[in-house]
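To start, the structure itself, in structure tokens.
Laboratory data are not the source of any read-out in this text; all were calculated from the coordinates shown. Just so it is clear, the structure is predicted and the values come from calculations on it, not from any experiment. Neighbour counts run over all protein chains shown; Cβ positions are idealised from the backbone, glycine included.
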Amino acid sequence: MLTFLFFGMYCNDLAAPEYFLFSSEVPALLYYSHFIAVISSLVMSFLVFSRGGYRSPASWLLGVSVVFSAWAVLDVITWVHIDARVIGLAWVFMNFLEPLIFAGMLFFVLSYLKGTHFRKWKLLAVSVLLLPFFVLMPTEFNITYFDITLCEAVEGPLVMYMYAFEVIMLAWIIFELVSYILHAHDSSRRRQLIVFLVGVLLFLVTFLAANASGSFTGDWNWQFYGLFGMPVFIGFLSYLIVRYKAFDIKLFETQVLVASLLILIASQFFFVRTFENIVLVGVTIVIAMFGGYTLIGTVQRDSQRTAELSILTNQLIKANERLKKLDEAKSEFISIASHQLRTPLTAVKGFISLVLEGSYGEVGPGVKNALNKVYLSNERLIQLVEDLLSISRIESGRMRYKLTEVDLNHLVREAYELFVIRARDKGLRFLYHQPNQLVQRIIADESKLREVLSNLVDNAIKYTESGTIDIYLEATSTHARIIVRDTGIGIDADEIQGLFSKFRRGKDTERFHANGTGLGLYVAKNLIESHKGRIWAQSEGREKGSVFIVELPFYADHSDLALDATTQDLSPEDRKINHLLQKH
Ligand code: ADP
């Protein structure tokens, strides 16, 4: 039995003992070493625990911290109390808690390495080894008697067993960690484990060594230093766990920073002796707490927003991908549908022409008139299909160009000749103003330029009720210009730019000319820009006519154009050009 508990004995004869904080009898390092260790370990392990939860190594860490803190508080009591019964009782419990710290550390390490499901036999084995502490704690095997002159408990054989137990735990921890380090797959995991091992050793070895040196030499002053291992260990260990578990490091770091700052300021309490200074430190702590709280809040909100943003971004990326697929499917559909439409339309056109020419016998004027209308409608349909095909090619990036040397003089004249009858039929004056001297050839896809030009002239005729249509071909030193001018319905200034967009028609266009899709200028703009040229419109306003201008450079770099693979129908010279451009 612990007989000293029954005698009232005092270690010194201070009448009014000032135990805590201000007693000059108490070594200055005592509070500092103990409370820093306690506060830092509790704060850090709570922080880590709050992120990791019950089912993580963090719960073992928290357990170790709590037991360690209890041990440290009891240790402070053994230093500052004068009642031998209190000191002795604290000592008894400390010798019980100390092995628990080591056992807890082993399980912390095991759960860190293997997850919480480590083998049950390990738990059982350690429990069996811990049994003597439970049984023998309240006996002389633990504390034999109390030496009142030294004011120290005299330890029994259980303490020897305690150190042996601690060494076993330490060896076990080292064994587990080293074998994991040796078998680690990647270097980052290995580095992690090495840091972990060093942290554990720093704490346990210093703690064990400091306590054992007290037990064996009777000089307990080393014990203070043994406790510093704890905050160091907790510090980088918490970081490792959080990092390993990939939690929000930024937030955690801020919390750690604020916590360490507060601990540092609070530690001043153990040194300052005057009232003014205590107040000052108190005020500083309050300010630091407020600042820290705000900072953590900001970082928390920030990281929350970042997380929300990344979720939204992901959703956006997915939605975008879906849209892209849908768009591709749409282009694909248009392309297929247009191809299928083109063939019968061409057949219709051919047969109507044959009927009109009289290949199937004489046709009366009434039928001829009707067939002419069918022919025109069919032409519009063909144009629409062509435009849709062009759009689907442009938008899916499948537009191919057959580059040749193009004679613009010839091209513009050809367009003029193609439309002159139609213009005259409508009662319009139609003029081609040739350039004073021949315009030099340019490298371009002739059929695309023809398409653009036809569209401009066709529009001019379509949107002009009476008056004149003029076509000009001009050249500067660097560019060729084709200008189509009409005296038609004109365009409002605010509509000019928009007309080059897809499906866009002028506000009143429907009234003048119901037929139209609003695709021609969009396709034209795309084709001209692929040739590194420009196309734009000018108009003084409604009823004031319009001018459409196409500008093409003589020397453009077309190396970015996707070339048509079918170059066999090109002249040898053109093929050379294509070849050169493709190589470029
Ligand atoms: P569409 O002629 O089939 O409607 P376009 O893309 O060729 O499609 O033209 C787009 C619009 O630009 C026309 O609907 C019309 O409002 C306007 N536009 C084009 N050319 C002229 C012109 N010469 N005069 C007045 N408006 C024009």
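Below is a table of values for the structure above.
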item	result
Set of aspartates and glutamates with alpha-carbon distance to K120 below 17 Å, sequence-local pairs under 8 removed	E176
For segment 343-410, alpha-carbon Rg relative to the globular expectation (2.2 N^0.38 Å, N residues)	1.58
Sorted largest first, extent of segment 408-494 alpha carbons per principal axis (Å)	35, 33, 25
Sum of -39500 (n - 2.57) over DSSP H runs of 4+, divided by residues of the chain (222 nm, nearest 500)	-22000 deg cm²/dmol
Rule-of-thumb Rg ratio for segment 385-540 [Cα; 2.2 N^0.38 Å; N residues]	1.03
In degrees, nearest ten, helix 187-217 long axis to first principal axis of the chain (Cα)	10
Radius of gyration and maximum dimension Dmax of the chain, Cα, Å	46.5, 143
Principal axis box of segment 486-526, alpha-carbon based, largest edge first, Å	25, 22, 18
Computed P(r) (all Cα pairs; segment 335-458; 5 Å bins; percent)	2, 9, 13, 15, 18, 16, 13, 8, 4, 1
Overall Cα dimensions of segment 61-132 - principal axes, largest extent first, Å	46, 24, 10
Positive dipole terminus of the chain, leading residue within I143, S396, Y360 (C-beta point charges)	Y360
The chain: angle of helix 520-530 to the longest principal axis, Cα-based, in degrees nearest 10	70
Among the listed pairs K330/K402; K402/K502; K462/K544; K368/K426; K462/K502; K402/K532, those beyond 21 Å (Cα-Cα)	K330/K402; K402/K502
Cross-link partners of K122 among lysines (Cα-Cα below 19 Å; sequence separation of 8 or more within a chain)	K114
Rg/Rg_ref, segment 121-183, where Rg_ref = 2.2 N^0.38 Å and atoms are Cα	1.51
Highest to lowest packing among 210-217, 346-353, 485-492, scored as the average C-beta count within 10 Å	485-492, 210-217, 346-353
With Cα atoms, 0 to 90° folded angle of helix 84-114 axis to the chain main axis	30
